[in-house]
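The structure appears below as structure tokens.
The values are calculated or read from the model by the stated rules, or taken from the named source; none is laboratory data. None of these values were measured; they are calculated from a predicted model. Ideal geometry is used to build each Cβ from the backbone, glycine not excepted, and the neighbour counts take in all protein chains shown.
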Amino acid sequence: MRRFPRLLARPTEHGEVERGLASLSFLLDETAAHYVARLQREIRQLTLAVRALERSEGQEGKKSRKLLAKAAAKLQSLPIAPEKGRRKDLRKIDRLIGELEGLLEETSRENGDSSS
């Protein structure tokens, strides 16, 4: 893990606040990039899981179709305004990804239990 200069509460020399702000800006960029990369990775995993569900047949297929309909409804009801760049929109996206992961995990557990 990289160490970054601490942001001092009391600047001791001229320009220290500016350097601190530059460091803060870098930390923001770095953190945001990793955050977005994690969410993108989770979305890719969800996509693979959805593809597997779409191929389900029989009784599992019926359950899968219900789950996919529920997931589609959640996705369609996502109220965000990306142009505003709000943190709450990022939280909504993150929360939705978590909910979808939970749905898929629940279904995979049910399918695993029914095949035992």
Candidates Leu7, Leu27, filtered to the one that is among the aliphatic types (A, V, I, L, M), more than 30 Å from Leu96 (Cβ to Cβ) and either touching a helix residue (DSSP H, G or I) at 6+ places or on another chain (Cβ under 7 Å) or modelled with pLDDT of 95 or more (or both): Leu7
Residue check, Glu18 modelled with pLDDT of 85 or more and more than 27 Å from the chain's Cα centre (by Cα): yes
Checklist (1) exposed (fewer than 11 other Cβ atoms within 10 Å of the Cβ); (2) at pLDDT 95 or above; (3) among the polar types (S, T, N, Q) applied to Gln59, failing item: (2)
The stretch 72-96 residues that are among the charged types (D, E, K, R), paired with ones that are exposed (fewer than 10 other Cβ atoms within 10 Å of the Cβ) (beta carbon under 7 Å, 6 or more apart): Asp89/Ala81; Asp89/Pro82
Out of Leu28, Leu48, Leu104, sole residue that is among the hydrophobic types (A, V, I, L, M, F, W, C) and surrounded by 13 or more Cβ atoms within 10 Å (Cβ to Cβ): Leu104
